[in-house]
Amino acid sequence: MSRSTTSLHLDDELRRRLARRAEVEGISVTALVERLLSQGLAMIEHPGIMFNPGPSGWRAVVSGAADVWEIVSDLRRFEGSEAEKVAALAAEIGVQQRLIVIALNYAATHREEVDARVRANDEAWEEAERIEKARQSLFV
């Protein structure tokens, strides 16, 4: 990613709040501003998307549904057309189909981010299964 310098004139109280938040998160003010702007733009471009913090960092979620990466991962379990998959998942998790579509639209424009989270989850499951098998072998 290329970087350039941009000068912003901010209210003093806003600058203090940004500095406090950046310190709490252990990041630079620049990194915080970049994340907030990126997330804010994504929420404008994809109404219904929000961002939540977690152990693996900030992640896109669909308001009232689930993490975007979880929705994308879960859709892969179903057979049929896109519409059939969306309908099946919406029924399974008890949300409106439009929320699933919001997640898909976000995922389509943020593919690398979503794919990375799906991969990380798949790897964590594989490691947990490996540990479970190894643990069970202790009893044989």
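The values are calculated or read from the model by the stated rules, or taken from the named source; none is laboratory data. The structure presented is a predicted model; accordingly, all values stated were derived computationally and were not measured. When we count neighbours, we look across all protein chains shown, and the Cβ atoms used for this are built from the backbone with ideal geometry, even at glycine. Heavy atoms of the whole protein, side chains included, go into the accessibility calculation; ligands, DNA and RNA do not. Shrake-Rupley method; radii C 1.70, N 1.55, O 1.52, S 1.80 Å.
A few comments on the model shown:
- Cβ separations smaller than 6 Å between residues 6+ apart or across chains give the following pairs from the stretch 118-133 residues that are modelled with pLDDT under 95 to residues that are assigned to a helix (DSSP H, G or I) and of a type in the set (Gly, Ala, Ser): Val118/Ser73.
- Among the residues of the stretch 41-68, just one is among the aromatic types (Phe, Trp, Tyr) and at pLDDT 95 or above, namely Phe51.
- For the stretch 82-104, the set of residues classified as exposed (fewer than 15 other Cβ atoms within 10 Å of the Cβ) and not basic (Lys, Arg) consists of Glu82, Ala83, Glu84, Ala91, Glu92, Ile93, Gly94, Gln96, Gln97, listed by residue number.
- Being surrounded by 10 or more Cβ atoms within 10 Å (Cβ to Cβ) and under 18 Å from the mean Cα position of the chain (by Cα) holds for only one residue in Glu127, Glu113, and it is Glu113.
- Index of the failed condition, Asp67 passing every other in (1) open to solvent by less than 80 Å² (accessible area, probe 1.4 Å); (2) over 21 Å from Tyr106 (Cα atoms); (3) acidic (Asp, Glu): (2)
- Residue that is farthest from Ala108 (Cα to Cα) [pool: residues in the stretch 3-22 that are part of a loop (DSSP other than H, G, I, E, B) and open to solvent by 70 Å² or more (accessible area, probe 1.4 Å)]: Asp11
- Here the condition is being out of contact with any Phe, Trp or Tyr (no Cβ under 7 Å at 6 or more places or on another chain), open to solvent by 40 Å² or more (accessible area, probe 1.4 Å) and either more than 28 Å from Glu123 (Cβ to Cβ) or among the hydroxyl-bearing types (Ser, Thr, Tyr) (or both); of Glu79, Glu25, Glu34, Glu45, it holds for Glu45 alone.
- Figure legend. Inter-residue proximity from the stretch 87-106: first residues over 11 Å from His46 (Cβ atoms), second residues of a type in the set (Ser, Thr, Tyr) and open to solvent by 30 Å² or more (accessible area, probe 1.4 Å), beta-carbon distance below 8 Å, spacing 6+ or different chains. Indicated pairs: Leu99/Ser63.
- With respect to being farther than 25 Å from Trp125 by Cβ, in a helix (DSSP H, G or I) and more than 18 Å from the chain's Cα centre (by Cα), Ala91 falls outside the description.
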